[in-house]
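Taking it in order: structure first as structure tokens, then the write-up.
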Amino acid sequence: PKESPTMDISHIYTRIEEKRRIRMSTLTFAGVAAILLVLFITSKGSFVATRDIAMRGPQNQRANQFSAKFSLPRRVQFSRTAARVTETSREPWQRIADKLIDIDATNDERIAAVRNLLERREDVQKDLTDAAQAIVRDRNVETAKDILYPTGTEARKQIDGFEVVLRQLQEDIVPELNQYSRTQGNATLASLRSTLSNPQAIAKSLQTTPNVNATEIVNELRAEFTELQKHPEEIQKRLMSYVEESKNVFRRTPVGLEMPSYKVISTAKDYEVREYEPYSIIATPTRKQAVSPNNPAATTTANAKAFNTLASYLFGKNEGNKAMAMTAPVEMIADGQGSKTMAFILPNEVSESAPSPSKGDEISIQRLPAQTVAVLEFPGFATEKEIKAQKEKLLSSLQTDGRFTPIDDTDSFRVLQWNPPYTLPWLRRNEICIKVKEVESAAGSNVVLDAVE
């Protein structure tokens, strides 16, 4: 504008971001509408084709007789359809659509979901129209998202998780890596130049590298495969386990892993309160005060080393040479003194008689008592910055609600990571836990309320 030749830069960025979000949301809504339209046309075409075949002349009399013999009366068919519409009308169509993105849904469940969506296509069309108007006319992406993906649906959780991952990349991970590269880049280059300028040292290191006997590895694999051929049921069992394991890529909570038992005793807007039964863990330190918390490479290396140490114990590297099943979740424990520990849950069968760790492994076996914890779930990556933000959010929510209060120092907490590394980032289930106790005034009010009831 002529009256303001210098435009606010932040305003430009805000407009660019708004246009980008509108463009992405419009493409998403258009894709959903296209899919529903194709499903509608396909189902309508199939119905017309079936009707035409049934209404043909005497040449299809035998087929008509067969269809009439094994089909339900028209009144029964209508009543079943009406009952299905009545049943599905009790919940939003978006919850029905969640079956289409559920990795554990059966084909019958997905087919039933498509049929229910087609029966309620007027509701779907209305919501699509309202969402498009909210974007184009009102430029309100959040309203459109609330219409198409209400809070509590799986689709909404995935969209919110995707936005969290984008935010973490832009505000946390990429800036941290850039800062680290600027501070450590010169030292790394100097070390690399020093190594490359000494060919004798490189040759010596290559000579000390252990040789890998490829023939021996191939022979071992061949022997194992030959043994498996004698037991086809074992091959089938392994294949099914591999298929089930691969589905954990799309699962928020993995399947097939033993987990500690708990029950939810209270639910709030941002968190829930759980009562855990006693369970055992194996733990090893990951980072002490001497390690800089602002060094992402050092933190990642320490975490990987701790994970491998604990996994080796479970897989048989212990005094009893006993292999155990993998469990979930992986716990990251902060003691409030600057030290952090990684822990694995021990299977119930060895919780009271776990084998001793191998000599030289810094592993401790601990039996945790029953405890009450407040738990806040968040998706994406469990970075230091994200953990700090989520802990502050949980403490603020506890203070606002006033029903539970932390027991230990607020610097003591646990982070639970439920997923294997290959799970999609926006589907990952991370939780931050703080030990709590019920406030006496809240407990008294509950007693009075129970007496009144």
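Rule-based calculations on the coordinates, nothing more; no lab input. These numbers come from a predicted model, not from an experiment.
Of note:
- Restraint check, K263/K317; K237/K322; K317/K385, Cα-Cα greater than 31 Å: K263/K317; K317/K385
- Cα gyration tensor category, rounded, prolate or oblate, for segment 270-382 with a/c compared to 1.5: oblate
- For N430, residues with placed amide H under 5 Å, excluding near neighbours: F378
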